[in-house]
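Here the structure is laid out as structure tokens; the discussion comes afterwards.
Each value in this text was obtained by applying a stated rule to the coordinates, not by laboratory testing. Since the structure is predicted, the reported quantities are computational estimates derived from the model, not experimental observations. Here the Cβ positions follow ideal geometry from the backbone for every residue, glycine too, while neighbour counts run over all protein chains shown.
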Amino acid sequence: MHSQAVPAGPGESVGGGREIDALLDRMPSTSGRPRTVEDLPGGLTNRNLKVTTPAGCVVVRLSDNATSLLAIDRDNEHVNSTAAAEAGVGAAVVDYLPGEGVLVIRYLQGRTLSNADLADSTQLRRVGDACRTLHDGPRFRDDFDMFATQRRYLDIVRGHGFRLPARYAEFGPAVERIRATLALRPEPTVPCNNDLLAENFIDDGDRIWIIDYEYSGNNDACFELGNIWSEASLPLGHLDELVAAYYGRPLRNKIARARLLGLMSKYGWTLWASIQDGCSQLDFDFWSWGMEKYERAVAEFDDPGFERLLQDVQRAD
């Protein structure tokens, strides 16, 4: 989740020595010779290796077992990655080593998107089309509910004595109001990635691909849209455009729904950062990363327009 640069960049050979070599030799997709191995940037809960052999080019995702506190289910990730590939929007799954946190997918040749790309209306419409393709594909194995995930993360943070932002608990009643209001007009769930920062979109020049299914599960489509808007810190008008691209027109109730679920995305992933801040060995400032999200969430909770969103989400249009 939430890719950031790792020490080695594209084109740099990696270390790992005999252990990496032995692992790659075990899988048909990576055992060929000659073989080159490069570290790819990205991944705060996994390491991504680009492996090239005469048989082709693949990405080997090596996951850290220490991510168990984050409730990442690698079997679920594997099943859902396969489903996303069947939908035509995810990279083909090539190999998987159950219980070892190793997933091998086909390398996608293309350009990783940035927040600036998502600020472009044309690209944003293409992203909406990619989400629709994913959502229309095979259902995922498990469900994803940010309200349940946020409560689980909060229990972990308190149980382990990790840092909690000031005023965090104060917004509990507002969160319950959001949950109860959305339940008045329940939406069917669809297979969602649930972690769509810009870097999880790959543009091959013809279409947009979606990668990284660590947190994937069947969910409200508006969470996906609100999460994209939230992760890229887009202006509100861009959420209107994304909703219009996805639903065919800018439905007010769907915009409100996406805004509220985007708020829940910020509020919930703040605790992801708190857990990582408390247990990760990576040299990365998780706390500052999480606080940036949290401060935007606080601004939305405190905004007088919050009440209007709770009303708009119940509209027929």
Please report, in debye to the nearest 20, how large the charge dipole of the chain is about its Cα centre when each Lys and Arg carries +1 at its beta carbon and each Asp and Glu carries -1 there. 460
Listed peptides 20-26, 138-144, 73-79 by packing density, highest first (mean Cβ within 10 Å): 73-79, 138-144, 20-26
What relative contact order, as a whole-number percentage, does the range 171-317 give when Cα pairs under 8 Å and 6 or more residues apart are counted? 24
Starting from the Cα of Lys293, draw a straight line to each of the lysines and keep only those under 24 Å, dropping any in the same chain fewer than 8 residues away. Lys254, Lys266
On Cα atoms only, tilt of 172-184 relative to the major axis of the chain in degrees: 90
Using alpha-carbon pairs under 8 Å, 6+ residues apart, how would you state the relative contact order of the chain in percent? 17
If one takes the longest principal axis of the Cα atoms in the chain, at what angle in degrees, from 0 to 90 and to the nearest 10, does the Cα axis of helix 121-135 lie? 80
In angstroms, what radius of gyration and Dmax does the range 17-108 have, counting Cα atoms only? 12.9, 39
Just to confirm my numbers, what's the Cα centroid distance between the range 84-135 and the range 246-317 in Å? 22
From fewest to most C-beta neighbours within 10 Å, the residues Glu214, Glu231, Glu292 line up as Glu292, Glu231, Glu214
Determine the calculated [θ] at 222 nm for the chain from helices alone, applying -39500 (n - 2.57) to every DSSP H run no shorter than 4 residues and normalising by the residue count; nearest 500 deg cm²/dmol. -14500 deg cm²/dmol
Restricting the calculation to Cα positions, tell me the Rg (one decimal) and the Dmax (whole number) of the range 59-212 in Å. 17.7, 48
Can you tell me the 0 to 90 degree angle between the C-alpha axis of helix 221-231 and the longest principal axis of the chain, rounded to 10? 80
For the range 193-240, what's the relative contact order in percent, using C-alpha pairs closer than 8 Å and at least 6 residues apart? 44
In Å, the Kirkwood hydrodynamic radius from C-alpha pairs for the chain sits at 20.2
